Amino acid sequence: MQILDSKKENAIWPLFRLGFRVFFLGGALVATLSMVLWLAFLTGHNLLSGIDNSIWWHAHEMLFGFTLAIIAGFVLTAMQNWTGIPGVRGWPLAIASTLWLLPRVLLPFLGEKSWIVIALDVAWLPLVAIFLARPVIQVKQWRNLFFVPLMVLFTILNALSYYAAYIDDWLFAERIFITTVLAITSLITVMGGRVIPFFTSRATNTDKPMPILALEWVCLGAIWLATFAWLLLPRNEGMNTIVAVLMILAAVANIVRILRWKTLPALKIPLLWILHLGYWFIPIGLLVFASALLEQTTTYSNASHLLTAGALGSVVLGMIARVSLGHSGRPLQPSKWMTVAFAIVILAGVIRGFTALIAPSYLADSYQVSGILWILAYGLFVIFYWPVLTKPRIDGRPG
């Protein structure tokens, strides 16, 4: 779509030629190594010398270290396609990714109350927001300006998570982390509705189902309302009922939505079935979360892991595998090992999400098994996509 000066492009280290490269690789590394450190902690080997609250660290790094890196890489890359303006690359991208990386490295040693760590970690998302805003404003494509306030929201949530750690208020930290989980889930529903039916129709040669406007409003509106209700409303029986009803409404709407996406023909194609099956964790997770709010059937943490270890882990792995192939000029055909990784990450989500519901006595074991499976899945991505993300496009085009 763009013609760039080839000399300038070749002067840029391939890792910094588009946002997906550095943030997908870095995010996958954090997803893998952070889980290694977390499992070490759970087995009595604390390698987080500077951290006061290891549960806070685990939640924070899987959300703001891993997931937000993937989101940043995706939207920085997609914005080029949406606006027709070359995406951020070179030194600006290197600075943003360095601001993201430094807190990941320093946090285990300096701790969650270090002002150096806090300042660095709160700085990188606003920079991403600026990179996203410039092309949208330039072409007046206001629909995609949505991602700018979204990055501001995640910046505020990140800062609040550090504040909760600073004042040693775990209940407040839990509220912030679950709000972040719900906001990320809401984003997956937005992007899933855009890309999953489109990818499916292209790959299976079937007609793309046209969105039903009322269904989309209910699906997206209910989950966004649940997100802000969780953040802002007081925690009592009446307010919990409101949030639960919103989650049930969003779950039902998402089920209707998925059933229109032609999952059966997609089951033959790994890059599709990982997205379809991973997306099913969203309505299931919302229904379990609603049950936790209404009947106290499980903890909020266990319910939220259906949305994180399940939906987020699966959909993210499928998306970064597909986007990395497409934007590096390669055929959309993952290796057999990546297909294995897709199956492994689905299994990790099932074990972590459902053990608390059907076999709670094995919950501690499920942490270990699902964690190992997660490490294998994202470790395979790092191994097989390292050359894809650190070398130039095979077709010689920029990006």
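The values are calculated or read from the model by the stated rules, or taken from the named source; none is laboratory data. None of these values were measured; they are calculated from a predicted model. Note: ideal-geometry Cβ built from the backbone for every residue, glycine included; neighbour counts use all protein chains shown. These accessible areas exclude ligands, DNA and RNA; they are computed on the full protein's heavy atoms, side chains included. Shrake-Rupley method; radii C 1.70, N 1.55, O 1.52, S 1.80 Å.
Under the condition of being part of a loop (DSSP other than H, G, I, E, B) and of a type in the set (Lys, Arg), the residues counted in segment 198-252 number 2.
Please return the ranges of helices (runs of 4 or more DSSP H) entirely within segment 3-117 where 1 or more residues are open to solvent by 20 Å² or more (accessible area, probe 1.4 Å), in contact (Cβ under 8 Å) with a residue 12 or more places away in the chain and over 27 Å from Ala133 (Cα atoms).
Numbers: elements: 6-11, 19-42, 54-60, 68-83, 91-110.
Hits in segment 3-117: 19-42, 54-60, 91-110.
Mind checking whether some residue in segment 32-54 is at pLDDT 95 or above and closer than 30 Å to Gly329 by Cβ? Yes: segment 32-54 contains one or more residues that are at pLDDT 95 or above and closer than 30 Å to Gly329 by Cβ. Of the residues making up segment 131-186, just one is surrounded by 15 or more Cβ atoms within 10 Å (Cβ to Cβ) and outside any helix (DSSP H, G or I), namely Gln141.
Here Ala348 fulfils each of the conditions (1) touching a Ser or Thr at 6+ places or on another chain (Cβ under 6 Å); (2) surrounded by fewer than 24 Cβ atoms within 10 Å (Cβ to Cβ) apart from (2).
Checking every residue in segment 187-197 against the condition of being hydroxyl-bearing (Ser, Thr, Tyr), in a helix (DSSP H, G or I) and surrounded by 21 or more Cβ atoms within 10 Å (Cβ to Cβ) gives at least one match. If the condition is being touching a residue at least 40 places away in the same chain (Cβ under 8 Å) and in contact with a Pro (Cβ under 9 Å, 6 or more places away or on another chain), then segment 152-167 contributes no residue at all.
Would you check if there is a residue in segment 270-280 being out of contact with any strand residue (DSSP E or B) (no Cβ under 8 Å at 6 or more places or on another chain), open to solvent by 50 Å² or more (accessible area, probe 1.4 Å), within 19 Å of Ala226 (Cα to Cα) and in a helix (DSSP H, G or I)? Checking segment 270-280: at least one residue is out of contact with any strand residue (DSSP E or B) (no Cβ under 8 Å at 6 or more places or on another chain), open to solvent by 50 Å² or more (accessible area, probe 1.4 Å), within 19 Å of Ala226 (Cα to Cα) and in a helix (DSSP H, G or I).
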